[in-house]
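So the structure is just underneath, and the comments pick up after that.
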Amino acid sequence: MSKRKAQQPENDRWQLRLYVAGQTPKSIAAMSNLKRLCETHLAGRYEIEVIDLLTNPKLAAGDQILAIPTLVRTLPAPVKKIIGDLSDEVRTLVGLDVRPAFAPDASWNPKVIAL
Amino acid sequence: MQTQSPAKKLTGIAKCPTGIRGLDEITDGGLPKGRPTLICGAAGCGKTLLATEFIVRGASEFNEPGVFMAFEETGKELADNVASLGFDLASLIRHKKVVVDHVRIERSEIEETGEYDLEGLFIRLGAAIDGIGAKRVVLDSIEELFAGLPNQAIVRSELRRLFLWLKDKGVTAVITGEQGEKTLTRHGLEEYISDCVIFLDHRVNNQIATRRLRIVKYRGSAHGTNEYPTLIDQQGLSVLPISSLGLNYPVSTERVSSGISRLDAMLGGKGYFKGSSILISGTAGSGKTSIASAFANSVCQRGGRCLYWSSEESPGQIVRDMASIGFDLDRHVRKNLLRFHSIRPTLYGLENHLVVLHKMVTEFRPDALIMDPITNLTAVGNDEEIKGMLTRVIDFLKNEGITAIFTSLTAGGTILEQSEVGVSSLMDAWLLLSMVQSASERNRVLYLLKSRGMDHSNQMREFVLTGNGIELVDVYAGLGTVYTGAARLSQKARDEADALERRQTEERRQRDLDMERRSLQAQLDALQTRLANITAEQELGLSLEKQRDDAGQRAESQMARARKAD
């Protein structure tokens, strides 16, 4: 059950992966918090993949997931992990390294690191 | 080595054997089956090794697949570490007997933003367990979670849930934890795991490190409560449950030759008791090793096995030296009847010596053991500790029915009848060797100070090392002096001269008496002849007289008839 919400990326593209385990209150809260946050600050530049570990338990090892929910920022590098239901918006933004007024300059050329 | 009544076994909790030597004995069968066990201790005490052995032996020896969740090492590191112990972890992983899941938590990568739980860990562990049908789980070391996750309250509540969940899963779990300041583990894991707690210790005393293991608690099971010495070697971890032995070993009335026939004669004519402990004490150079080797040689000649623990000389040196007195020990070594274990006592602690000895005896199964000399152990322990260790050695050997010889060096100037490390009361027989100095030479003297349960000689013997072995010679004692060596020989010569003189005197006297007897006999013969003559003459006289009387009577009667008398 992966949901994709992709807009045509510019040279900065945000790839986010949210790990949940079933439709728990925490998971649902995390999903809605994430959606709201992305729409506000990263509109049109993000991609969210939701992985339910109950259906794909083997995927937990790849990203070293222990806590649920965990949000993994795979792009831009480096990898960042944010655990919790993302209810603390400021900390989520700090964790994702998102500045509300994000304006990449010409030297911003992120490398894609295969994970 | 506890005995349990069958009734108790029925009601007791099920055990999950670890396969680790000794640990299953002191836990009376293994870890509690289907429950978590906490292994704690300081860094480097062998927690991970114990946990790994639990998984590897479980998979390879007991056909119980296992999951190893490693928080500290990667699967490859783990496999490399245990490969040196002969465990092929990689092959077990390939055959789906073991799953190693490396869990990496990087605090710097993680940001907390609200409520969360550790369901991810549960799912990973659950997937791994279900994937191979695991019966055993190791979490090494779960305390990394405290370091990796900022919210301690969540970690604590999740751990509580995890241990309950593991119990529900019915897996036997081993959880490792680092020792804390005043608690068993740094983060108080012992609060959650209350079924079985094992504490590992690695202590350094006098620059010598000793590993120990202790079962802090074990709910619902009898267990040994002491600190048990442990050893990590090429075969992994082993625990020595020797102090759990009691004084109820079987005794034998069978005898074994000491290898010296005169010594056997001193020992009631048959030698040592099989399975007894013999102490040979003496000053430097008094021949302790020679007497011990004589025994080793005789055991091997009869086809028995002998283990020779030497803390002073190398095997080569013992073989060479003993060849000079006619013992071909090398032959026995080649036949694998004699095995040497030469080791400096300072190499490791007393406990480790004990464990190594225990292991060797268990593997080699000797009929006899020689420890030469025990006094060198003072380098790694005080008398009290050595006595404790030797008590355990003796108890163990007696249980196995192994005859043991311990040699003890008596320092010059000390009382002879006092063994250096105070072990004489533990011994069944005690041979005392001493050097007797007289007339510019020193000679070896042996006597039996004690020999339990047999009629033994109270005589001192001089013993002489010859090219054909050891000979015991009677010593000459007189006027409060013991004659040995040259003095003994000169005394012997003097005695022989005296004897010759006595013999010659006697012969002379015999001759004189003989002559006198013969002359008397001659006189006796002459007198008897005379007596016979006299008797014959008397008889002849009487008969003539009778004839004359008869003739007279006849004439008278004829005359009367002629005169026609009335």
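Note on B:Arg219 and B:Asn399: the model spin-label points, each 7 Å out from Cα along the C-beta direction, lie 3.0 nm apart.
Here the Karplus relation 6.51 cos²θ - 1.76 cosθ + 1.60, evaluated at θ = phi - 60°, turns the backbone of the range B:403-410 into coupling constants of 6, 10, 10, 10, 9, 9, 8, 9 Hz, with x for every Gly and Pro. With a ≥ b ≥ c the root eigenvalues of the C-alpha gyration tensor of the range B:30-87, is it rounded (a/c under 1.5), prolate (a/b larger than b/c) or oblate? Oblate. Using every pair of separate Cα atoms, the Kirkwood estimate puts the hydrodynamic radius of the range B:228-310 at 15.5 angstrom.
The residues packed around B:Leu329, meaning those with a beta-carbon under 14 Å from its beta-carbon, carry a net charge of +1 if Lys and Arg are +1 and Asp and Glu are -1. For B:Leu338, the residues whose modelled amide H falls within less than 5 Å of its own, excluding neighbours fewer than 5 places apart on the same chain, are B:Cys306, B:Val333.
The calculated FRET efficiency for the pair B:Lys182 and B:Arg161, based on their C-beta separation and a Förster distance of 30 Å, comes to about 0.70. In the range A:13-96, taking the dipole from charged Cβ atoms about the Cα centre, the farthest positive-side position among A:Leu75, A:Gly44, A:Ile28 is held by A:Leu75. Express in whole angstrom the spacing between the alpha-carbon centres of the range B:481-538 and the range B:267-333. For the range B:481-538 versus the range B:267-333, the Cα centre distance is 53 Å.
Converting phi to 3J(HN,Hα) with the Karplus coefficients 6.51, -1.76 and 1.60 and the offset θ = phi - 60°, the range B:550-564 yields 4, 4, x, 5, 4, 4, 4, 5, 5, 4, 5, 5, 5, 7, 6 Hz in sequence order, with x at every glycine or proline. For the peptide A:85-93, the mean number of other protein chain Cβ atoms found within 10 angstrom of a residue's Cβ is 3. Per atom type, the range B:89-136 shows carbon and sulfur on 47% of its accessible surface, probed at 1.4 Å. A 1.4 Å probe run over the protein chains yields, for the range B:183-291, 41 Å² of accessible area per residue, whole-number rounding. Length gained on full extension, B:Asp328 to B:Tyr249: 25.1 nm, using 0.36 nm per residue less the C-alpha separation. Net charge of the neighbourhood of B:Thr185, taken over other residues with C-beta under 10 Å away and scored Lys/Arg +1, Asp/Glu -1, is -3. Using a cut-off of 32 Å between Cα atoms, the listed pairs B:Lys169/B:Lys217; A:Lys58/A:Lys80; B:Lys15/B:Lys359; B:Lys33/B:Lys398 include B:Lys33/B:Lys398 as exceeding that distance. Ranking B:Leu23, B:Ile318, B:Met559 by Cα position along the charge dipole of the protein assembly as shown, where only Lys, Arg, Asp and Glu carry charges on their C-beta atoms, puts B:Met559 farthest toward the positive end. Its Cα gyration tensor gives the range B:434-512 an equivalent ellipsoid. The semi-axes, each the square root of 5 times an eigenvalue, are 31, 17, 13 Å from largest down. Calculated from the alpha-carbon coordinates, the protein assembly as shown shows an Rg and a Dmax of 48.1, 214 Å respectively. Element breakdown for the range A:13-96 at a 1.4 angstrom probe: carbon and sulfur atoms account for 57% of the accessible area. Taking θ as phi - 60° and the Karplus parameters 6.51, -1.76 and 1.60, the scalar couplings of the range B:289-299 work out to 4, 5, 5, 5, 5, 4, 5, 4, 4, 5, 4 Hz in sequence order, x denoting glycine and proline. The Cα atoms of the range B:103-186 give a gyration tensor whose axes a ≥ b ≥ c have a/c of 1.5 or more with a/b no greater than b/c, which makes the shape oblate. Compared with the dominant Cα axis of chain B, that is its longest principal axis, helix B:47-61 is turned about 80°.
Element breakdown for the range B:261-308 at a 1.4 angstrom probe: carbon and sulfur atoms account for 49% of the accessible area.
Once all protein chains are placed together, A:Glu89 keeps about 70 Å² accessible to a 1.4 angstrom probe. Distance between the 7 Å Cα→Cβ label points at A:Ser32 and B:Asn151: 1.8 nm. The magnitude of the dipole of the range A:13-96, with charges of +1 and -1 set on the Cβ of Lys/Arg and Asp/Glu and taken from the Cα centre, is near 180 debye. Between B:Arg21 and B:Val239, the built amide H atoms are under 5 Å apart, and every one of these is 5 or more places off in sequence or on another chain. P(r) tail for chain B: Cα pairs beyond 45 Å make up 44% of the total. Leaving ligands and nucleic acids aside, the A/B contact buries around 2100 square angstrom of accessible area in total at a 1.4 Å probe radius. Evaluating kT/(6 pi eta Rh) at 4 °C and 1.567 mPa s, with the Kirkwood radius of the range A:13-96 over Cα pairs in the Stokes-Einstein relation, gives 102 µm² s⁻¹. Residues whose amide H falls under 5 Å from that of B:Lys217, counting only those 5 or more places apart or on a different chain, are B:Val197, with hydrogens built in the peptide plane. Other residues within the sphere of radius under 13 Å centred on the Cβ of B:Thr289, judged by their own Cβ, net out at -1 (K and R +1, D and E -1).
Site pair B:Ala532 and A:Ala43 shows an inter-label distance of 17.3 nm when each label is modelled 7 Å from Cα along Cα→Cβ.
Based on the Cβ-Cβ distance from B:Asp455 to B:Asn205, what FRET efficiency comes out when R0 is 51 Å, to the nearest 0.05? Calculated value: 0.70.
The values are calculated or read from the model by the stated rules, or taken from the named source; none is laboratory data. All figures in this text were calculated on a predicted structure; none of them were measured in a lab. Counting neighbours? That spans all protein chains shown, and the Cβs are built from the backbone with ideal geometry, glycine included. Side chains included, ligands, DNA and RNA excluded: accessible areas come from the protein's heavy atoms. Shrake-Rupley method; radii C 1.70, N 1.55, O 1.52, S 1.80 Å.
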